[in-house]
1. Does segment 89-96 include one or more residues that are β-branched (Val, Ile, Thr), modelled with pLDDT of 90 or more and touching a Leu at 6+ places or on another chain (Cβ under 7 Å)?
2. Please find, among Leu123, Leu103, the residue that is part of a helix (DSSP H, G or I) and modelled with pLDDT of 90 or more.
3. Identify all residues within segment 110-155 that are surrounded by fewer than 16 Cβ atoms within 10 Å (Cβ to Cβ) and among the small types (Gly, Ala, Ser); write none if there are none.
4. From Glu88, Glu129, grab the single residue that is part of a helix (DSSP H, G or I) and under 20 Å from the mean Cα position of the chain (by Cα).
5. Six or more apart or on different chains, Cβ atoms under 6 Å: show the pairs whose first residue is in segment 118-140 and closer than 25 Å to Pro151 by Cβ and whose second is at pLDDT 90 or above and small (Gly, Ala, Ser).
6. Conditions: (1) at pLDDT 85 or above; (2) more than 30 Å from Ser117 (Cα to Cα); (3) not in a helix (DSSP H, G or I). Leu66 meets all but one. Number of the miss?
7. Test Val75 against the stated conditions and say whether it is at pLDDT 90 or above, in the same structural domain as Pro141 (by TED's automatic domain parsing) and either out of contact with any Lys or Arg (no Cβ under 8 Å at 6 or more places or on another chain) or more than 20 Å from Ala108 (Cβ to Cβ) (or both).
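The values are calculated or read from the model by the stated rules, or taken from the named source; none is laboratory data. Fair warning: this is a prediction, and the values are worked out from it, not measured in the lab. Heads up, the Cβs are rebuilt from the backbone with ideal geometry, glycines too, and the neighbour counts pull from every protein chain shown.
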Amino acid sequence: MIVGSGSDLSRPQVAWRVGAVGVGLVVLLGGQLADTNDWFPLGSLSQYATPRPVDGSVVSTSLEGLTTDGRIVPVPLSPGSVGMSRAELEAHGQEIIADPSLLGVLAASHARLRPGSPALRELRLVRSEQSMRNSRLVGSPTVRVLATWAPTGGQG
């Protein structure tokens, strides 16, 4: 028997604990080597691990909606607004660009989660990029629409 912090553990109990820690470390290492956020928190979360140069640019992905009365409004990227976080949206950005109808799922979630918000007749995935000089934002951002969804049949 192994003595530790007031309780005796048998060899199988110790082996099980050491094995569980070993599996956790292998998953953590695998996630880091694969550079994937799919295994977070047991893998990479690269958005926090990458330093930014003082002279570069800041890139931000967001959603904007076109309301039925013609106004362009920001659509918050949060589970309480569209059912997913900014990190999740960014992780699936290429899929959404390839199939803009996926934005329809977010628009439907937004309508369900925020019934008091203006109805949307269009939802856009946009990317904003702004230059930085000496760690300060300079100039105006360049905004590019990456994908657009509008319901079929003119419904909003």
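1. Checked segment 89-96: at least one residue is β-branched (Val, Ile, Thr), modelled with pLDDT of 90 or more and touching a Leu at 6+ places or on another chain (Cβ under 7 Å).
2. Leu103
3. Correct list: Ala111, Gly116, Ser117, Ala119, Ser128, Ser131, Ser135, Gly139, Ser140, Gly153, Gly154.
4. Glu88
5. Leu120/Gly65; Leu120/Ala107; Glu122/Ala150; Leu123/Gly65; Leu123/Ala107; Leu125/Ala147; Val126/Ser62
6. Exception for Leu66: condition (2).
7. yes
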